[in-house]
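The values are calculated or read from the model by the stated rules, or taken from the named source; none is laboratory data. All values derive from a computational prediction rather than experimental measurement. When we count neighbours, we look across all protein chains shown, and the Cβ atoms used for this are built from the backbone with ideal geometry, even at glycine. Ligands, DNA and RNA are excluded from the accessible area calculation, which covers all protein heavy atoms including side chains. Shrake-Rupley method; radii C 1.70, N 1.55, O 1.52, S 1.80 Å.
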Amino acid sequence: MLFNAEKGKYDGYIVQELHDPHDGNPDFQAMYSKFAERILWIDEDLVPGAFQMNTAWYHSVPENDPVFPEHSHDEDEIIGFFSSDPMNPYDLGAEIEVAINGERRVLTRSTILFIPGNIPHMPLRILSVERPVFHFSIMRGGSYNGGAYEIK
(Lines give C-alpha, C1' and ligand atoms only; values in the text may rest on other atoms or scores of the structure.)
Protein backbone atom coordinates (compact mmCIF):
# COMPACT_ATOMS: atom_id res chain seq x y z
CA MET A 1 0.00 0.00 0.00
CA LEU A 2 1.49 3.34 -1.05
CA PHE A 3 -1.08 5.78 0.30
CA ASN A 4 -1.23 6.74 3.93
CA ALA A 5 -4.54 5.33 5.09
CA GLU A 6 -6.01 2.48 7.01
CA LYS A 7 -7.20 -0.50 5.02
CA GLY A 8 -10.60 0.32 3.57
CA LYS A 9 -13.17 -1.05 1.19
CA TYR A 10 -12.35 1.58 -1.45
CA ASP A 11 -8.59 0.93 -1.62
CA GLY A 12 -9.09 -0.68 -5.04
CA TYR A 13 -10.16 2.71 -6.43
CA ILE A 14 -6.80 4.33 -5.62
CA VAL A 15 -4.09 3.97 -8.27
CA GLN A 16 -0.57 5.14 -7.39
CA GLU A 17 1.64 2.82 -9.43
CA LEU A 18 1.92 2.46 -13.18
CA HIS A 19 0.16 -0.58 -14.63
CA ASP A 20 0.94 0.09 -18.29
CA PRO A 21 -0.95 -2.18 -20.70
CA HIS A 22 1.78 -1.54 -23.28
CA ASP A 23 4.55 -3.07 -21.13
CA GLY A 24 4.25 -6.23 -23.21
CA ASN A 25 5.07 -4.35 -26.42
CA PRO A 26 8.85 -3.77 -26.35
CA ASP A 27 8.87 -1.93 -29.70
CA PHE A 28 6.31 0.59 -28.44
CA GLN A 29 8.09 0.98 -25.08
CA ALA A 30 11.45 1.62 -26.78
CA MET A 31 9.93 4.27 -29.05
CA TYR A 32 7.84 5.94 -26.31
CA SER A 33 10.60 6.13 -23.68
CA LYS A 34 12.74 8.27 -25.99
CA PHE A 35 10.37 11.26 -25.68
CA ALA A 36 7.92 10.52 -22.84
CA GLU A 37 7.56 9.09 -19.37
CA ARG A 38 4.21 7.51 -18.62
CA ILE A 39 2.99 8.35 -15.10
CA LEU A 40 -0.25 6.46 -14.47
CA TRP A 41 -2.83 4.51 -16.47
CA ILE A 42 -6.29 3.42 -15.36
CA ASP A 43 -8.93 1.38 -17.15
CA GLU A 44 -11.66 -1.15 -16.38
CA ASP A 45 -9.13 -4.00 -16.34
CA LEU A 46 -7.29 -2.35 -13.44
CA VAL A 47 -10.33 -0.88 -11.64
CA PRO A 48 -13.66 -2.46 -12.59
CA GLY A 49 -16.10 0.24 -13.70
CA ALA A 50 -13.41 2.87 -14.39
CA PHE A 51 -13.13 4.70 -17.67
CA GLN A 52 -9.74 4.75 -19.39
CA MET A 53 -7.16 7.45 -18.65
CA ASN A 54 -3.49 7.81 -19.52
CA THR A 55 -1.03 10.37 -18.09
CA ALA A 56 2.54 11.15 -19.14
CA TRP A 57 5.26 13.77 -19.35
CA TYR A 58 6.47 14.64 -22.86
CA HIS A 59 10.09 15.74 -22.47
CA SER A 60 11.71 15.78 -25.93
CA VAL A 61 11.12 15.61 -29.67
CA PRO A 62 10.78 11.97 -30.74
CA GLU A 63 12.51 10.28 -33.66
CA ASN A 64 9.21 8.71 -34.71
CA ASP A 65 7.22 11.36 -36.59
CA PRO A 66 4.32 11.41 -36.27
CA VAL A 67 4.23 9.92 -32.79
CA PHE A 68 0.69 8.62 -33.22
CA PRO A 69 -1.06 8.23 -36.60
CA GLU A 70 -4.56 9.35 -37.45
CA HIS A 71 -7.13 7.08 -35.81
CA SER A 72 -10.59 7.12 -34.29
CA HIS A 73 -12.43 5.52 -31.38
CA ASP A 74 -16.03 4.48 -30.79
CA GLU A 75 -16.01 6.53 -27.57
CA ASP A 76 -15.53 10.26 -26.96
CA GLU A 77 -12.03 11.28 -25.88
CA ILE A 78 -10.57 14.26 -24.05
CA ILE A 79 -6.88 14.99 -24.68
CA GLY A 80 -4.84 17.54 -22.72
CA PHE A 81 -1.43 19.18 -22.95
CA PHE A 82 -0.36 21.38 -20.02
CA SER A 83 2.56 23.67 -19.24
CA SER A 84 4.92 22.64 -16.46
CA ASP A 85 5.58 26.29 -15.55
CA PRO A 86 3.36 27.22 -12.57
CA MET A 87 4.23 30.91 -13.02
CA ASN A 88 3.08 30.87 -16.66
CA PRO A 89 0.57 28.01 -16.90
CA TYR A 90 -0.72 28.85 -20.38
CA ASP A 91 2.70 28.92 -22.11
CA LEU A 92 3.05 25.29 -23.16
CA GLY A 93 6.83 25.52 -23.59
CA ALA A 94 6.47 23.33 -26.66
CA GLU A 95 4.97 23.13 -30.11
CA ILE A 96 2.67 20.17 -30.62
CA GLU A 97 0.78 19.57 -33.85
CA VAL A 98 -2.58 17.81 -33.68
CA ALA A 99 -5.43 17.35 -36.13
CA ILE A 100 -9.17 16.81 -35.79
CA ASN A 101 -10.70 15.30 -38.92
CA GLY A 102 -7.79 16.56 -41.03
CA GLU A 103 -7.74 20.13 -39.61
CA ARG A 104 -4.23 20.63 -38.26
CA ARG A 105 -3.31 23.00 -35.45
CA VAL A 106 0.01 23.77 -33.76
CA LEU A 107 -0.51 24.13 -30.02
CA THR A 108 1.72 26.51 -28.04
CA ARG A 109 -0.65 27.04 -25.10
CA SER A 110 -2.06 24.65 -22.52
CA THR A 111 -4.93 22.95 -24.30
CA ILE A 112 -7.80 20.53 -23.79
CA LEU A 113 -9.30 18.87 -26.89
CA PHE A 114 -12.68 17.14 -27.04
CA ILE A 115 -12.82 14.46 -29.75
CA PRO A 116 -16.32 13.04 -30.37
CA GLY A 117 -16.53 9.30 -30.96
CA ASN A 118 -15.76 8.12 -34.50
CA ILE A 119 -14.10 11.44 -35.51
CA PRO A 120 -10.63 10.86 -36.99
CA HIS A 121 -7.94 12.69 -35.05
CA MET A 122 -4.19 13.11 -35.06
CA PRO A 123 -1.48 12.52 -36.31
CA LEU A 124 0.36 13.85 -33.25
CA ARG A 125 3.67 15.55 -33.94
CA ILE A 126 5.88 16.97 -31.19
CA LEU A 127 7.76 19.72 -33.00
CA SER A 128 9.72 21.27 -30.11
CA VAL A 129 9.99 20.96 -26.33
CA GLU A 130 11.60 23.64 -24.12
CA ARG A 131 10.36 22.09 -20.85
CA PRO A 132 8.26 19.03 -20.00
CA VAL A 133 4.61 18.99 -21.05
CA PHE A 134 2.04 17.14 -18.97
CA HIS A 135 -0.18 15.06 -21.27
CA PHE A 136 -3.35 13.13 -20.52
CA SER A 137 -6.06 11.38 -22.45
CA ILE A 138 -9.41 10.19 -21.14
CA MET A 139 -11.78 7.84 -22.96
CA ARG A 140 -15.38 7.60 -21.88
CA GLY A 141 -15.29 3.82 -22.28
CA GLY A 142 -13.60 1.47 -19.87
CA SER A 143 -10.74 0.50 -22.17
CA TYR A 144 -8.66 1.98 -24.95
CA ASN A 145 -9.88 1.08 -28.43
CA GLY A 146 -8.07 2.69 -31.31
CA GLY A 147 -4.99 2.64 -33.46
CA ALA A 148 -2.75 5.16 -31.70
CA TYR A 149 -0.54 2.54 -30.06
CA GLU A 150 0.12 0.48 -33.18
CA ILE A 151 3.73 0.53 -34.34
CA LYS A 152 3.98 0.64 -38.12
Tally the residues that are of a type in the set (Asp, Glu) and assigned to a strand (DSSP E or B), restricting the search to region 42-87.
1
The number of residues in region 88-140 that are open to solvent by 20 Å² or more (accessible area, probe 1.4 Å), touching a residue at least 40 places away in the same chain (Cβ under 8 Å), more than 23 Å from residue 50 (Cα to Cα) and in a strand (DSSP E or B) is 4
Of all residues in region 126-142, count the ones that are modelled with pLDDT of 95 or more and either under 19 Å from residue 73 (Cα atoms) or touching a Ser or Thr at 6+ places or on another chain (Cβ under 9 Å) (or both).
10
Filter region 19-28 down to residues that are under 21 Å from residue 64 (Cβ atoms), of a type outside the set (Asp, Glu) and loosely packed, with under 15 Cβ neighbours inside 10 Å, then give me how many there are.
2
Considering only region 40-49, I want to know if a residue exists there that is surrounded by fewer than 15 Cβ atoms within 10 Å (Cβ to Cβ), at positive phi and either at pLDDT 95 or above or more than 17 Å from the chain's Cα centre (by Cα) (or both).
yes
Only one of (1) of a type outside the set (Phe, Trp, Tyr); (2) open to solvent by less than 80 Å² (accessible area, probe 1.4 Å); (3) part of a strand (DSSP E or B) fails for residue 37. Which number is that?
(2)
Among the residues of region 50-81, what is the count of those that are open to solvent by 80 Å² or more (accessible area, probe 1.4 Å) and either on the phi > 0 side of the Ramachandran plot or under 9 Å from the mean Cα position of the chain (by Cα) (or both)?
1
